[in-house]
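Worksheet: one structure, shown below.
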Amino acid sequence: MSLRDDLENVLRAWNSYELARQAPAVIDFDCYPRRRQSIEPPLDRLSTYKRLLRISRSADSEGDVDLAERADAHLAYVRALMGERALLDDYVLTTQGCRAKGWSEEYIHQVGEKARLCLSALGIQWNADTRTRLAEVEQVIDPAEAPEAIAQAARELDPAVREITAASAPFDLQVETTNLSVQWAYRTDGVGQAVRVRLNRKQAQFTNVLVRQFALHEVLGHGLKSASYAQECAANESVPWARLLSSHTQEQVMLEGLAQALPLFVTPNDELLTARVRLDHYIQLVSSSLHVAINHQASVRDCVEYAKSHVPYWKNEDIADVITDRGADPLLRSYLWAYPAGIDWFVNLADAKAPETSSILQAAYRSPLTPRDLSGLWPSGPPIGGSGLR
């Protein structure tokens with residue numbers, strides 16, 4: 001058995017254990033669901049730690065840097081689940097594959113100014129009513145209509161996404177609705193060519209524009225991309241990367257970054273979608289500053305003041321959730337950094353109109369790229385994870 005296969009077996013067994021105790025899943029997407037003759041019983045966290053440590057050391061001794069780093073990401077996360085609290089930069093570097101340096105206030109202001117200009121062009125002022133006014137301009141729809149509207153938008157946008165990514169994988173889409181008290185509004189997972197998208201009515205808002213954004217992000221960003229990986233795995237069982245995707249590992253910066261920025265590549269002339277991406281870029285950078293602050297002994301009071309001065313329409317609950325998720329939750333403390341790190345890199349790629357763009361988009365739909373892979377494909381791109389707060 002190869003070390004990659006051994007790692008996958010450990011992850012499947014560990015995933016069973018976490019699901020049995022109603023904890024977050026370890027596996028988000030199974031790119032290689034072929035039935036196995038034997039399935040290992042659930043593996044508790046300490047046993048998982050010991051087996052992952054052996055795999056990491058073996059991969060390191062064999063010179064398999066990528067596999068060693070993937071095992072190390074799982075090690076860091078399982079240690080966090082057992083109570084270890086590593087320094088933020090170390091934790092994010094080991095799990096997400098990039099630094100957690102953050103972005104300067106000057107840069108965040110520049111990104112915010114682009115977002116405000118986009119909103120102004122739509123007749124929307126930057127104040128406590130911005131979110132409400134934006135929803136009105138985008139045309140709110142009945143939540144009951146959202147699943148079919150998203151599926152229809154995905155069908156309409158599918159050819160354009162496939163054209164720029166060279167993706168050819170088929171997939172079966174299932175859209176479900178939930179009503180959960182969790183941080184996510186939308187979530188995608190799946191097995192092979194089966195893609196499941198969940199809409200969390202407690203968190204989600206539905207407008208005609210958000211339907212298109214959702215179709216690009218979740219269905220044609222995550223869903224088609226994961227199905228493409230599964231297609232590659234079915235055609236070539238010897239792919240070197242672990243065929244299981246996890247929120248706490250190095251591919252998430254690329255997955256979440258491209259999914260958020262995809263409208264800039266697919267529908268660059270859509271004024272409303274572009275405004276959404278510009279606003280999301282700014283909000284993610286503000287959130288990243290709070291992420292760094294709450295993990296570097298900043299007080300809740302200071303975080304609240306920063307949040308209110310930067311996002312006038314955030315309510316108390318919004319601010320509390322941002323700092324709670326990024327400061328206290330072992331998974332989100334890692335995973336949520338992928339959003340600002342990823343969207344910043346891909347928005348800069350879109351704005352630069354770099355000659356490498358086409359090859360990067362196609363590569364992203366062939367295999368799960370890490371931040372190191374992205375930097376290698378566009379060496380002149382910005383530092384992933386920021387260049388520092390000053």
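If you scan segment 363-390, which residues turn out to be part of a helix (DSSP H, G or I) and either out of contact with any Ser or Thr (no Cβ under 8 Å at 6 or more places or on another chain) or farther than 17 Å from Trp241 by Cβ (or both)?
Residues of segment 363-390 that are part of a helix (DSSP H, G or I), as a first pass: 363-364, 371-377.
Of everything in segment 363-390, those that are part of a helix (DSSP H, G or I) and either out of contact with any Ser or Thr (no Cβ under 8 Å at 6 or more places or on another chain) or farther than 17 Å from Trp241 by Cβ (or both) turn out to be Ala363, Pro371, Arg372, Asp373, Leu374, Ser375, Gly376.
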For this session: For segment 238-262, name all the residues that are surrounded by fewer than 22 Cβ atoms within 10 Å (Cβ to Cβ), in contact (Cβ under 8 Å) with a residue 60 or more places away in the chain and either more than 12 Å from Cys31 (Cβ to Cβ) or among the acidic types (Asp, Glu) (or both).
Result: Pro240
Exercise. Quick one: Ser299 ticks every box in (1) under 21 Å from Ala166 (Cβ atoms); (2) without any contact (Cβ under 8 Å) to a residue 12 or more places away in the chain bar one, so which box is it?
Worked result: (1)
For this session: Keeping to segment 94-113, report how many residues are without any contact (Cβ under 8 Å) to a residue 40 or more places away in the chain and not polar (S, T, N, Q).
Result: 3
Exercise. Do we have Asp142 as surrounded by 15 or more Cβ atoms within 10 Å (Cβ to Cβ), out of contact with any strand residue (DSSP E or B) (no Cβ under 7 Å at 6 or more places or on another chain), of a type in the set (Asp, Glu) and in contact (Cβ under 8 Å) with a residue 60 or more places away in the chain here?
Worked result: no
Seminar exercise, completed: Requiring at least 2 residues that are of a type in the set (S, T, N, Q) and surrounded by fewer than 20 Cβ atoms within 10 Å (Cβ to Cβ), the helices (runs of 4 or more DSSP H) wholly within segment 20-128 are 45-61, 105-121
Problem set entry | Which listed residue is more than 23 Å from Val286 (Cα to Cα) and of a type in the set (A, V, I, L, M, F, W, C), from Ala121, Ala76 | Ala76
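Readers should treat all values here as calculations from the given coordinates under stated rules, not as data from a laboratory. From a predicted model like this one, the values you see are computed outputs, not experimental measurements. Using ideal geometry, Cβ is built from the backbone for each residue, glycine included, and neighbour counts are taken over all protein chains shown.
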